[in-house]
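Okay, structure first, notes after.
The values are calculated or read from the model by the stated rules, or taken from the named source; none is laboratory data. Note that the coordinates shown come from a computational prediction; the quantities given were computed from them, not determined experimentally. Every residue, glycine as well, gets a Cβ built from its backbone with ideal geometry; the counts of neighbours run over all protein chains shown.
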Amino acid sequence: MHRAAHPRDSRAPGLKTRPARGFMKNHDALFQTLRIQRRLCNSRTRSWGGEESVMKLREAEIETHAACNARCRYCVYPAIKDGLGRETLSRERFLDILHGLAFARDDLVNIHLHHVNEPLLFPDLPWFVARAREAFPRARTGFSTNAILLSPQKAEAALKAGLNLIYLTVPSGQPETYKRVMGIDADIARTLANIRTFLSLAGEEVRVVARSPLGFDGRLQAFYADFPRVELEAIPISSRLGRIDPETSPDLRQPPSGGRPSPCALSWVAGTLIILRNGDVPLCCNDQEHRFIVGNVFERGVEALWTSPRFERVRAFMAARAPRPADFPCDACEYGLKEGA
Ligand code: SF4
């Protein structure tokens, strides 16, 4: 399960990158480092500490289904999978969401068809990609995948639909480490072969980002050395509000004990909207168990929810501009607490 290697985590402190060619010319690639991302947040959206202006919606993360083919040790999916249900997002509801996002047409950078799942398990994925590209031709549409199912057929279907963004999450190039971290009997050679084929099919317009939650070991580095177009992002492993086993990785970020509320260090979350299959909007990508739901886009409408006083209050909690309610997720998150009392 590659979900814990969440795209947004890649913008966290400690990020290492190999910038894409034409890096500074590509506005999507501004998300490459926290430093640059912060500049983006401060200049193009309202920063956590800033005064009120209309919050820009930069990225929509849409859940199509809730199944994964892996059991990664750095993800909450293995612990929650039995309660996730089999419902999928219907085509009609997806079109409703795209219609609802129209207010942000000039601001949306990415449409991410992925949330705590393996997108390639969703048979309708190419249709969803195609509709998103039609609706938002200036944005990138893509998903994160562990690439186990990235067969030539699935790669061709996604690319033909207009896919122009993909995150490839592979924790290790070492066969035994790969299996252990993925929690399944996966074959790293097959996964890398899938990626190689994908890269041979994808044109230069497709942004390809390789991620490794454990850092890129020698074998992964050697593999990606053949593909200079691929951006590399080593991403720190989040505790997911304290739910990930500390044994997973020595690099696991943990909430400081006795910490005090601090503005979320991932300030880009302010410009991100996560929409679940049922229309619920959870707090952020780190709240993988959806402990806090801001509202529901099918009940309120996307724009009405995004600009609602309730969402503003929630942003104030995230930014530590207002005292957080009891059990608010940020108070259990390493990104929302400061060391010391
Ligand atoms: S739980 Fe709060 S502090 Fe943690 S990533 Fe989400 S918004 Fe930021």
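Only one of the listed residues (Leu266, Leu337, Leu283) is within 15 Å of the ligand (Cβ to nearest atom), among the aliphatic types (A, V, I, L, M), within 22 Å of Glu61 (Cα to Cα) and at pLDDT below 95. That residue is Leu266. Among the criteria (1) away from the ligand (no atom under 16 Å from the Cβ); (2) part of a loop (DSSP other than H, G, I, E, B); (3) modelled with pLDDT under 95; (4) of a type outside the set (Phe, Trp, Tyr), the one Leu252 does not fulfil is (1). Checked against (1) crowded, with 18+ Cβ neighbours inside 10 Å; (2) assigned to a helix (DSSP H, G or I); (3) at pLDDT 95 or above, Val208 passes all but a single condition, namely (2).
Of all residues in region 319-334, those satisfying the criterion of being farther than 14 Å from Arg291 by Cα and among the hydrophobic types (A, V, I, L, M, F, W, C) are Ala319, Ala320, Ala322.
Table: residues versus (1) without any contact (Cβ under 8 Å) to a residue 60 or more places away in the chain; (2) over 18 Å from Ala158 (Cβ atoms); (3) in a strand (DSSP E or B).
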site	(1), (2), (3)
Ala79	no, yes, no
Arg93	no, yes, no
Leu98	yes, no, no
Ile111	yes, no, yes
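Residue check: Pro137 meets all listed conditions (1) touching a helix residue (DSSP H, G or I) at 6+ places or on another chain (Cβ under 9 Å); (2) more than 20 Å from Pro78 (Cα to Cα) but one, namely (1). Of all residues in region 314-338, those that are surrounded by 20 or more Cβ atoms within 10 Å (Cβ to Cβ) have Cβ atoms under 8 Å from Cβ atoms of residues that are of a type in the set (Val, Ile, Thr), 6 or more apart or on another chain, in Val314/Val294; Met318/Val269.
Residue by residue through region 154-191, note down the ones that are in a strand (DSSP E or B) and of a type in the set (Phe, Trp, Tyr). Within region 154-191, Tyr167 is the sole residue that qualifies. Within region 223-240, can one find any residue that is charged (D, E, K, R), closer than 27 Å to Glu312 by Cα, within 16 Å of the ligand (Cβ to nearest atom) and surrounded by fewer than 18 Cβ atoms within 10 Å (Cβ to Cβ)? Checked region 223-240: no residue is charged (D, E, K, R), closer than 27 Å to Glu312 by Cα, within 16 Å of the ligand (Cβ to nearest atom) and surrounded by fewer than 18 Cβ atoms within 10 Å (Cβ to Cβ).
Limited to region 325-334, what total is found for residues that are near the ligand (Cβ under 9 Å from one of its atoms) and in a loop (DSSP other than H, G, I, E, B)?
Here the count works out to 3.
Let's see how each residue does on (1) touching a Leu at 6+ places or on another chain (Cβ under 9 Å); (2) touching a residue at least 12 places away in the same chain (Cβ under 8 Å); (3) assigned to a helix (DSSP H, G or I); (4) within 27 Å of Ser239 (Cα to Cα):
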{"site": "Trp268", "(1), (2), (3), (4)": "yes, yes, yes, yes"}
{"site": "Ile274", "(1), (2), (3), (4)": "yes, yes, no, yes"}
{"site": "Arg277", "(1), (2), (3), (4)": "yes, yes, no, yes"}
{"site": "Cys285", "(1), (2), (3), (4)": "yes, yes, no, yes"}
{"site": "His290", "(1), (2), (3), (4)": "yes, yes, no, yes"}
{"site": "Val294", "(1), (2), (3), (4)": "yes, yes, no, yes"}
{"site": "Phe298", "(1), (2), (3), (4)": "no, yes, yes, no"}
{"site": "Leu305", "(1), (2), (3), (4)": "yes, yes, yes, no"}
{"site": "Phe311", "(1), (2), (3), (4)": "yes, yes, yes, yes"}
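Has region 293-308 got any residue that is more than 9 Å from the ligand (Cβ to nearest atom), farther than 19 Å from Leu108 by Cα, under 19 Å from the mean Cα position of the chain (by Cα) and surrounded by fewer than 20 Cβ atoms within 10 Å (Cβ to Cβ)? Within region 293-308 (the criterion being more than 9 Å from the ligand (Cβ to nearest atom), farther than 19 Å from Leu108 by Cα, under 19 Å from the mean Cα position of the chain (by Cα) and surrounded by fewer than 20 Cβ atoms within 10 Å (Cβ to Cβ)), the answer is yes, since at least one residue qualifies.
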